[in-house]
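Asker: Okay, here's the structure, questions in a sec.
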Amino acid sequence: MLIHICQYTAFGVAGQAFIRQLRSKAFASFLRQEVAFFDQGQNSSASICNRLSTDALAVHQIASNRFCLIIETAAVLSFGFILGLLFSWQLTLTIFAFVIIIGTSALGEVSIQIEVNSRIRDINRQSSSVIKNN
C-alpha cells in the first residue's frame, strides 16, 4: 500500500513538472509569433487558451496516471505469468487466453474513447469559434 502511494505521488509530481515546462514552452512559442499570426481565425485568443489547456491536460493524463498504471500492470502481468508457468503451465496458458480476450475488449473500449474525445475536441473548437464571433 505504501509503495502504491509513493509510486503515484512520484509520477504525479513528475507529471506536474513536465506539464509546467510544456505549458511555459508553448506559451513562449506563442509569444514569439508575428502579429499576423494572431489575426488568423484559427489563432484567436480563445482558440489558443483552449489549446493550451486541453493539450496540456491530455499530456498530463498520459504522463502521470496512465503511464504509472501501464507500468504497474505490465509488471504484475509479467510476474504472474512467469510465476504461473513455474507452478502449472497448463493453467497459466488457459488463464492467459482469457487475459487476451479481456485485453482485446479493453483496446476496443480505448478506441471508442478516442472517438468520443475527438468529437468533444471538435465541439470545443466550435464553441471557441462561437465565443470569438460574439
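Coordinate-derived values only; no laboratory data. All values reported here derive from a predicted model rather than from experimental measurement. A quick note on method: Cβ atoms are made from the backbone with ideal geometry, for glycine too, and the neighbour counts reach across all protein chains shown.
Asker: Across segment 43-56, which residue is farthest from Ser29 (Cα to Cα) among those that are of a type in the set (A, V, I, L, M) and touching a residue at least 24 places away in the same chain (Cβ under 8 Å)?
Answerer: To start, the set of residues in segment 43-56 that are of a type in the set (A, V, I, L, M) comprises 46, 48, 52, 56.
From the residues that got through so far, the ones that are touching a residue at least 24 places away in the same chain (Cβ under 8 Å) too are 46, 52, 56.
On the way: Ala46: 16, Leu52: 11, Ala56: 14 Å.
Going through the qualifying residues, I end up with Ala46.
Asker: Could we say that Thr73 is surrounded by 10 or more Cβ atoms within 10 Å (Cβ to Cβ), part of a helix (DSSP H, G or I) and in contact with a Leu (Cβ under 7 Å, 6 or more places away or on another chain) here?
Answerer: On the way: surrounded by 10 or more Cβ atoms within 10 Å (Cβ to Cβ): yes; part of a helix (DSSP H, G or I): yes; in contact with a Leu (Cβ under 7 Å, 6 or more places away or on another chain): no.
Here the answer is no, as Thr73 does not meet what is asked.
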